[in-house]
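Student: Dumping the structure here so I can ask a few things about it.
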Amino acid sequence: MSPSLVIEGLLKDFGPVPALDGRMVRVLNGISLTANPGSVTTLLGSNGAGKSTTLACAQGLLRPDGGKISLLGEDPYGASPALRSRVGVMLQDGGLPPSLRPIPLLRHVTSLYQRPADINALIERLGINEFSNTSIRRLSGGQKQRVALAAALAGNPEVIFLDEPSAGLDPQSRQVVFDLITELRDAGLCIVLTTHLMEDAQRLSDYVYIIDDGINVAQGTVAELTARATHESTAQAVTFSADPALELPELAGHLLLLEHAPGQYRLEGVREANDLASLTAWWARESILPQSLSMQPRSLEDVFLEIADKGNDVN
Amino acid sequence: MSTNTQAASGTSNAVSTFKRIMLQGRYETLAMIRNGEQLVIAVVLPLMALFGLVFTDLLKNVAARPIDAAVPGVLALCVVSTAFTGQGIATGFDRRYGVMRYLSTTPVGRTGLIYGKVMAVLVVLSMQTIVIGGVGFIMGWQPALGGIAWAILILILGAAAFTALGLLIAGTVRPEATLAITNLAWVLLAGVGGILFPSTSVPAFIQPIINVLPSAALGDSLRAALISGTASGTGILILLAWTLIAGFAATRWFKWN
């Protein structure tokens, strides 16, 4: 199985920027990634990290200043209609004509393909009928997202690019959209999406690239990324509630016990069983039986924050 | 689910280039005539101009009768309003809303977008020509029959030149600026740019400038063709030159987002 998308050492400069004496700003600084069929590949990063610019280059909307992109074996910049017909795109701002109503637009887009998707099924599935008499201009953000997703899928693509697909979606449509993405993945599509929401990345992705400052700084499956973090310096936090009058104990230097609200405690920096033992020993001494106790598994967010912190330290 | 049952990977899923352009042309045409304000610009204002020119003596001595002098100018006005003002404004806002960006990722592509717009301009212009010509006939218009083929050629060339100019402006400045520039240009060109009135009617010192404008080439050549049946080689060359220069500049500097 060959990858649908391969990006190697992607460079992109914007500018010249007048505020910087007319200098260029490097927004992509060597992004490399691979996306496979039957898999959701996520670009995770904060706003301005370069996710959308990477997608725009991969979609052929921007000409890279360096590096290589192969999308279904072709250079996407100035690609043939044949290549474009195999790729579906959902832009962050939608790019839908405001004066049209959703269904005429979807019908027009569908007519451009020899083997289109069943657009009526998509319209039904994404609940577009509910607002089919409203012009796109007057739709809510989440409704526009659903129309844009249907448009991206209208041509029955082999690869879909989804730029922030869950932006503006209410919890219910989010579920519908996420289920659809997972089904399309299972049907063998290569799905490339961007998000700045850890939760979405964690829920949807088979493989995650963490993008920071124009380069991918970490990559792996969600499990790999979170496991990696546990083995490294980041540790788990234990929260518990107990009598607010307690005097806090002396604990090992890497542990930090905080009372973040009266009677609400949080022990940060737990790495190994001994760290927990020192906490429970203190409870035994003081006859504390916590009313509640929880330990948070590492989330992608912790990994992300850790990596972003490291980046900031270097800067 | 049923959306992905026919995935035939590796082969093009796009309809033929011809069909794409026709479909996009239909889409753009409907977009152009759907808006009420477009209808005002496309039909109501040209008809008002026609009546204004016929029922006043603004076009004395241009042709045997005012209607014969008025129809060619009003057709030229239609070219500017449809190809330049209407299409420029629509393209400017399409660019603002990312519509050009989105459609260029579909099989339509950039080529399909441009040809679709050109097709829409030609379709709308044909409809305007039929309406203006029809009303003109009712009002007694008698065009020089020998010039009709030339007039059609000039209308098409004029549409090409003004479409290229409209795209150049819409593709390089903000849509609000496009709106202001193309509307202002429309009024100015209609009045003193050789569209409604012969370029010889403007003060002599600005005539050298007016004479090389695409508007004067369009208006004067249409009047020459439809009033006296003569072909204006100079006018045709000027329109061709504007089409090539603006077309090249638009290709070079058009920003898709």
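The values are calculated or read from the model by the stated rules, or taken from the named source; none is laboratory data. As the structure is a computational prediction, the values presented were derived from the model and not from experiment. Every residue, glycine as well, gets a Cβ built from its backbone with ideal geometry; the counts of neighbours run over all protein chains shown. All accessible areas refer to the heavy atoms of the entire protein, side chains included, with ligands and DNA or RNA removed. Shrake-Rupley method; radii C 1.70, N 1.55, O 1.52, S 1.80 Å.
Student: Check B:Lys19, B:Lys60 and return the single one that is among the basic types (Lys, Arg) and not in a helix (DSSP H, G or I). Let's see the steps before the verdict.
Tutor: Details: B:Lys19 fails: not in a helix (DSSP H, G or I).
Testing whether each residue is among the basic types (Lys, Arg) and not in a helix (DSSP H, G or I) leaves just B:Lys60.
Student: Going by the conditions given, is A:Gly253 surrounded by 13 or more Cβ atoms within 10 Å (Cβ to Cβ) and not aromatic (Phe, Trp, Tyr)?
Tutor: On the way: surrounded by 13 or more Cβ atoms within 10 Å (Cβ to Cβ): no; not aromatic (Phe, Trp, Tyr): yes.
No: the conditions fail for A:Gly253.
Student: What's the total number of residues in segment B:192-222 that are under 17 Å from the mean Cα position of the chain (by Cα) and assigned to a helix (DSSP H, G or I)?
Tutor: 9
Student: Considering (1) free of Cβ contacts under 8 Å to residues at least 40 places away in the same chain; (2) more than 12 Å from chain A (Cβ to nearest Cβ); (3) not in a helix (DSSP H, G or I), say which one B:Phe51 fails and leave the rest.
Tutor: Result: B:Phe51 fails condition (3) only.
Student: Among (1) crowded, with 18+ Cβ neighbours inside 10 Å; (2) out of contact with any helix residue (DSSP H, G or I) (no Cβ under 7 Å at 6 or more places or on another chain); (3) more than 12 Å from every other protein chain (Cβ to nearest Cβ); (4) among the β-branched types (Val, Ile, Thr), where does B:Val40 come up short?
Tutor: Here B:Val40 meets the rest and fails (1).
Student: Between B:Thr85, B:Thr29, B:Thr105, which is out of contact with any Pro (no Cβ under 9 Å at 6 or more places or on another chain) and outside any helix (DSSP H, G or I)? Give the steps one after another, and end with the answer.
Tutor: Working: B:Thr85 fails: outside any helix (DSSP H, G or I); B:Thr29 fails: outside any helix (DSSP H, G or I).
Selected residue: B:Thr105, the only one of B:Thr85, B:Thr29, B:Thr105 that is out of contact with any Pro (no Cβ under 9 Å at 6 or more places or on another chain) and outside any helix (DSSP H, G or I).
Student: I'd like to check something: does segment A:38-54 contain any residue that is within 11 Å of chain B (Cβ to nearest Cβ) and out of contact with any His (no Cβ under 6 Å at 6 or more places or on another chain)? Reasoning before the result, please.
Tutor: Kept after step one, since they are within 11 Å of chain B (Cβ to nearest Cβ), are these residues of segment A:38-54: none.
No, segment A:38-54 has no match at all.
Student: Condition (residue is of a type in the set (Val, Ile, Thr), open to solvent by 10 Å² or more (accessible area, probe 1.4 Å) and not in a helix (DSSP H, G or I)) applied to segment A:166-188: is it met by at least one residue? If you could, list the steps in order and put the result at the bottom.
Tutor: As a first pass, look at segment A:166-188 and keep what is of a type in the set (Val, Ile, Thr): A:176-177, A:181-182.
Imposing the further condition that a residue be open to solvent by 10 Å² or more (accessible area, probe 1.4 Å) reduces the set to A:176, A:182.
Still in the running and not in a helix (DSSP H, G or I): none.
No, every residue in segment A:166-188 fails to be of a type in the set (Val, Ile, Thr), open to solvent by 10 Å² or more (accessible area, probe 1.4 Å) and not in a helix (DSSP H, G or I).
Student: Has segment B:213-224 got any residue that is loosely packed, with under 14 Cβ neighbours inside 10 Å and not basic (Lys, Arg)?
Tutor: Just the residues of segment B:213-224 that are loosely packed, with under 14 Cβ neighbours inside 10 Å, to begin with: none.
For segment B:213-224, residues loosely packed, with under 14 Cβ neighbours inside 10 Å and not basic (Lys, Arg): absent.
Student: Here's another thing I want to ask about it. Suppose we filter segment A:130-154 for residues that are part of a helix (DSSP H, G or I), surrounded by fewer than 20 Cβ atoms within 10 Å (Cβ to Cβ) and within 26 Å of the chain's Cα centre (by Cα); how many remain?
Tutor: Counting residues in segment A:130-154 that are part of a helix (DSSP H, G or I), surrounded by fewer than 20 Cβ atoms within 10 Å (Cβ to Cβ) and within 26 Å of the chain's Cα centre (by Cα) gives 2.
Student: Looking at this structure, is B:Arg65 open to solvent by 10 Å² or more (accessible area, probe 1.4 Å) and closer than 22 Å to B:Ala164 by Cβ? Explain how you work it out, then say what you get.
Tutor: Working: open to solvent by 10 Å² or more (accessible area, probe 1.4 Å): yes; closer than 22 Å to B:Ala164 by Cβ: no.
Against the criterion (open to solvent by 10 Å² or more (accessible area, probe 1.4 Å) and closer than 22 Å to B:Ala164 by Cβ), B:Arg65 does not qualify.
Student: Being of a type in the set (Ser, Thr, Tyr) and touching a helix residue (DSSP H, G or I) at 6+ places or on another chain (Cβ under 8 Å) is the filter here, so list the residues in segment B:112-167 that pass it. Steps first, please.
Tutor: Step one: list which residues in segment B:112-167 are of a type in the set (Ser, Thr, Tyr), which gives B:115, B:126, B:129, B:163.
Matches in segment B:112-167: B:Tyr115, B:Thr129, B:Thr163.
Student: Within 13 Å of another protein chain (Cβ to nearest Cβ), open to solvent by less than 50 Å² (accessible area, probe 1.4 Å), at pLDDT 90 or above and under 18 Å from B:Gly166 (Cβ atoms), is that true of B:Thr91?
Tutor: On the way: within 13 Å of another protein chain (Cβ to nearest Cβ): yes; open to solvent by less than 50 Å² (accessible area, probe 1.4 Å): yes; at pLDDT 90 or above: yes; under 18 Å from B:Gly166 (Cβ atoms): yes.
For B:Thr91, the condition - within 13 Å of another protein chain (Cβ to nearest Cβ), open to solvent by less than 50 Å² (accessible area, probe 1.4 Å), at pLDDT 90 or above and under 18 Å from B:Gly166 (Cβ atoms) - is met.
Student: Name the pairs whose Cβ atoms lie under 9 Å apart, with the first residue in segment A:299-314 and over 15 Å from A:Asn47 (Cα atoms) and open to solvent by less than 30 Å² (accessible area, probe 1.4 Å), the second of a type in the set (Val, Ile, Thr) and at pLDDT below 70, and 6 or more positions between them or separate chains?
Tutor: From segment A:299-314, the pairs are A:Val303/A:Thr234; A:Glu306/A:Thr234.
Student: Then there's this: Within the set of pairs 6 or more residues apart or between chains, which connect a residue that is closer than 25 Å to B:Gly233 by Cβ inside segment B:125-153 to a residue that is small (Gly, Ala, Ser) and assigned to a helix (DSSP H, G or I) with Cβ atoms less than 6 Å apart?
Tutor: Qualifying pairs under 6 Å: B:Leu125/B:Ala159; B:Ala144/B:Ser228; B:Gly147/B:Ala225; B:Trp150/B:Ala225; B:Ala151/B:Ala225.
Student: Here is a follow-up. Criterion first (part of a helix (DSSP H, G or I), within 14 Å of chain A (Cβ to nearest Cβ), closer than 30 Å to A:Gly95 by Cα and within 22 Å of the chain's Cα centre (by Cα)) does B:Gly116 satisfy it? Working first, answer last.
Tutor: Working: part of a helix (DSSP H, G or I): yes; within 14 Å of chain A (Cβ to nearest Cβ): yes; closer than 30 Å to A:Gly95 by Cα: yes; within 22 Å of the chain's Cα centre (by Cα): yes.
So B:Gly116 passes the test.
Student: Would you mind finding the one in B:Pro143, B:Pro175, B:Pro107 that is open to solvent by less than 30 Å² (accessible area, probe 1.4 Å) and more than 30 Å from A:Gly155 (Cβ to Cβ)? Before the answer, list the steps.
Tutor: Working: B:Pro175 fails: more than 30 Å from A:Gly155 (Cβ to Cβ); B:Pro107 fails: more than 30 Å from A:Gly155 (Cβ to Cβ).
When all the criteria are applied, what remains is B:Pro143.
Student: Could you list all residues from segment A:240-272 that are among the charged types (D, E, K, R), assigned to a strand (DSSP E or B) and either under 13 Å from A:Glu286 (Cβ atoms) or over 31 Å from the mean Cα position of the chain (by Cα) (or both)? Even if it seems obvious, please write down each step before you answer.
Tutor: Residues of segment A:240-272 that are among the charged types (D, E, K, R), as a first pass: A:243, A:247, A:250, A:259, A:266, A:268, A:271-272.
With the extra rule that they be assigned to a strand (DSSP E or B), the set shrinks to A:259, A:266, A:268.
Scanning segment A:240-272 gives a single hit, A:Glu259.
Student: I'm trying to understand the selection: among the residues of segment A:46-55, which are open to solvent by 20 Å² or more (accessible area, probe 1.4 Å) and either on the phi > 0 side of the Ramachandran plot or of a type in the set (Asp, Glu) (or both)?
Tutor: A:Gly48, the sole residue that qualifies.
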